[in-house]
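This report concerns only the one structure given below.
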Amino acid sequence: MTSLNTYIDHTKLGPTVSLEQIDQLIQEGLQYEFKSLCVNTHFVFYVSNKLKGSPVLTCTVIGFPHGSHTKDVKAFETKEAIQAGADEIDMVINNTFVKAKDYQKTYEDIKAVVNAADGKTVKVILETCYLTEEEIIFACQCAKDAGANFVKTSTGFGSGGATFEHVKLMKQTVQDALEVKASGGIRNRDDALKMIEAGATRIGTSKGVEIMENKEMSNANTTY
């Protein structure tokens, strides 16, 4: 298996994240050479400049955390993020459209971001805790049709995170056309390896350091 660090999008998201916390995230990212650092959009310019010359990518979130922004707002936010230096875009799908099985609106929601990303990697966050298996399959098919690169389980701010069963279902649905990112509640090496076994090729977590050092984390006071 490829080194575990290269699977990890080391993440610091939330409404009260400080610059000092972002500096710590950058230091950890460079130390362990994670695949990317995932931050809110207003930190993208700062982070991308700090990571220049390193193999670590800058990732950000769009339409976060509920996915209820209009497609035009998501597209604008994506363009700004790319201009600021984002390498990867994790967008939250509009689950109102998914649950209504509205293919056209779901497709257009994703496609607007894919177009705005102009060739950069786009990961579509399904927030699987709110979806049935049938809805997960539908959302994955829309993401595939719209030209996304990944489907992703969760924002980490919903009522549940990644599960082995959902990751496996997503991978079975997209096959080799897309990759799968498992995110939400992944706190240790065993969690990460289980998601990779299910088919994930990327792990979103705020516990990247603990995973690399193989430390067990309690469920309490854990952000994603």
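Throughout, read-outs are computed from the coordinates displayed, never taken from laboratory work. Here the structure is a predicted model, which means the values were calculated and not measured. Virtual Cβ from ideal backbone geometry, glycine too; neighbours counted across all protein chains shown.
Summary of computed values
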{"quantity": "At R0 = 45 Å, FRET efficiency that the Cβ-Cβ distance of Glu33 and Lys168 yields, to 0.05", "calculated": "0.95"}
{"quantity": "Rough spin-label spacing in nm, given labels placed 7 Å along Cα→Cβ, for Thr132 and Asp176", "calculated": "3.3"}
{"quantity": "Distance from region 70-96 to region 143-201 (C-alpha centre basis), Å", "calculated": "20"}
{"quantity": "Relative compactness, the chain, computed as alpha-carbon Rg over 2.2 N^0.38 Å", "calculated": "0.93"}
{"quantity": "FRET efficiency, Phe45 to Asn214 (Cβ-Cβ, R0 30 Å, nearest 0.05)", "calculated": "0.35"}
{"quantity": "Simple spin-label estimate for Asp118 and Lys101 in nanometres, 7 Å along Cα-Cβ", "calculated": "3.9"}
{"quantity": "Placed amide H near Gly204: partners under 5 Å, 5+ positions off or other chain", "calculated": "Asp9, Ala182, Ser183, Gly184"}
{"quantity": "Cα-centre dipole for the chain with unit charges at Cβ (Lys and Arg positive, Asp and Glu negative), debye to 20", "calculated": "120"}
{"quantity": "Links that overshoot a 21 Å alpha carbon limit, given the list Lys35/Lys120; Lys12/Lys52; Lys123/Lys168; Lys111/Lys152; Lys120/Lys181; Lys71/Lys207", "calculated": "Lys71/Lys207"}
{"quantity": "For the chain, calculated [θ]222 nm from helices alone, where every DSSP H run of n ≥ 4 adds -39500 (n - 2.57)", "calculated": "-12500 deg cm²/dmol"}
{"quantity": "Highest-MSF residue in the chain out of Ala162, Ala81, Ala100 [GNM, Cα springs under 10 Å]", "calculated": "Ala100"}
{"quantity": "Rg to Rh quotient for region 112-224, alpha carbon positions, Kirkwood Rh", "calculated": "0.98"}
{"quantity": "Extension reserve of the Asp145-Lys79 stretch, reckoned as 0.36 nm per residue once the Cα distance is removed", "calculated": "21.7 nm"}
{"quantity": "Calculated log₁₀ intensity ratio I(q)/I(0) where the Debye formula runs over C-alpha points of region 140-192, q = 0.21, 0.30 Å⁻¹", "calculated": "-0.75, -1.16"}
